[in-house]
Amino acid sequence: MSVAKQLWVSAIALISTVIFFGVSGTDIWVQNHFYNPITHQWLLDHDEPVLKFIFYDGIKKLIILVDVVILITLIVGWKKPFLALYRKGLLIVLLSVIFVPVVVGSFKALTNLPCPKNLEIYGGNYPHTCVWEKYPKSFCQQGKIKCWPAGHASGGFAFLSLIYLFRTRRAKIIAGSSAMVLGWSMGTYKMLIGDHFLSHTMITMMLAWFIISLIVYSIERWEKWRKQLKMV
């Protein structure tokens, strides 16, 4: 599939996902499996140190370390012959690990939607609404809340861009599969501690796909424009 087609497909998939989860009760149905209404506890403890380190603090630090290594590699080896075949791919990965979390974080700041743990049905004080609905007039919100979509998983899904770094089909499949495992591991952990719904992670994944496709499309257009300019 061409990058231009991926842009359209990912955009349609993103919109369809938002609408589906907004009008269906899928989020609540899935999340109910992770919450005990008798003990008022989630399946995993938010403060359990080992799991928190593996799936939150540790994995975030690892992703940041990889991001720094990619940046240094590009800066130091930009004009090196050995990097020529991978220069474009590394640039795509670098831009993706920057822009995917930034865009997702911006949406979180704008949407003002609660986490599952903040909802009345799970012991919180927020009513359940979808992204295009306003809170009831009777609800008094003390401050803005930032839970939609899933910001933590965005760092993992940004590595779907590794598909554009490797050259063989087998390597691309391994890279894409690894990024999916990483993103969903991070997203599932946040679901099991009550921080996110299934839709939050799904939408982050779709956004990552769209943003990465847009980055690749923009780079390819820029390269084409440069070639045309040299021919003039």
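Details
- Checked across the stretch 80-87, the condition of being open to solvent by 60 Å² or more (accessible area, probe 1.4 Å), over 30 Å from ASN118 (Cβ atoms) and among the hydroxyl-bearing types (Ser, Thr, Tyr) holds for at least one residue.
- Of the residues making up the stretch 75-107, those that are of a type in the set (A, V, I, L, M, F, W, C) and closer than 20 Å to TYR217 by Cβ number 13.
- Residues of the stretch 100-126 that are surrounded by 15 or more Cβ atoms within 10 Å (Cβ to Cβ), assigned to a loop (DSSP other than H, G, I, E, B) and among the polar types (S, T, N, Q): ASN112 alone.
- Exactly one residue out of ILE145, ILE173 is β-branched (Val, Ile, Thr), surrounded by fewer than 20 Cβ atoms within 10 Å (Cβ to Cβ) and part of a helix (DSSP H, G or I): that is ILE173.
- Selection of the stretch 134-173 for residues being of a type in the set (Phe, Trp, Tyr) and either farther than 29 Å from LYS60 by Cα or in contact with a Phe, Trp or Tyr (Cβ under 6 Å, 6 or more places away or on another chain) (or both) yields TYR135, PHE139.
- The stretch 173-223, residues that are among the aromatic types (Phe, Trp, Tyr) and under 23 Å from ILE28 (Cβ atoms): TRP184, TYR189, PHE197
- Here SER138 passes the criteria (1) of a type outside the set (Phe, Trp, Tyr); (2) modelled with pLDDT under 95; (3) outside any loop (DSSP other than H, G, I, E, B) except the one numbered (3).
- Some residue of the stretch 131-142 being at positive phi and not aromatic (Phe, Trp, Tyr): no
- The stretch 1-59: number of residues that are of a type in the set (S, T, N, Q), open to solvent by less than 30 Å² (accessible area, probe 1.4 Å) and either modelled with pLDDT under 95 or outside any helix (DSSP H, G or I) (or both): 0
Quick grid of which residues meet (1) touching a Phe, Trp or Tyr at 6+ places or on another chain (Cβ under 9 Å); (2) open to solvent by less than 50 Å² (accessible area, probe 1.4 Å); (3) in a helix (DSSP H, G or I); (4) over 25 Å from SER10 (Cα atoms):
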residue	(1), (2), (3), (4)
HIS128	no, no, no, yes
TRP132	no, no, no, no
SER177	no, no, yes, no
SER185	yes, yes, yes, no
MET205	yes, yes, yes, no
GLN228	no, no, yes, yes
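The values are calculated or read from the model by the stated rules, or taken from the named source; none is laboratory data. A quick note: this is a predicted structure, and the numbers were derived from the prediction, not measured. Backbone-built Cβ (ideal geometry, glycine too); neighbour counts: all protein chains shown. Quick note on the areas: whole protein, heavy atoms, side chains included, nothing else; ligands and nucleic acids left out. Shrake-Rupley method; radii C 1.70, N 1.55, O 1.52, S 1.80 Å.
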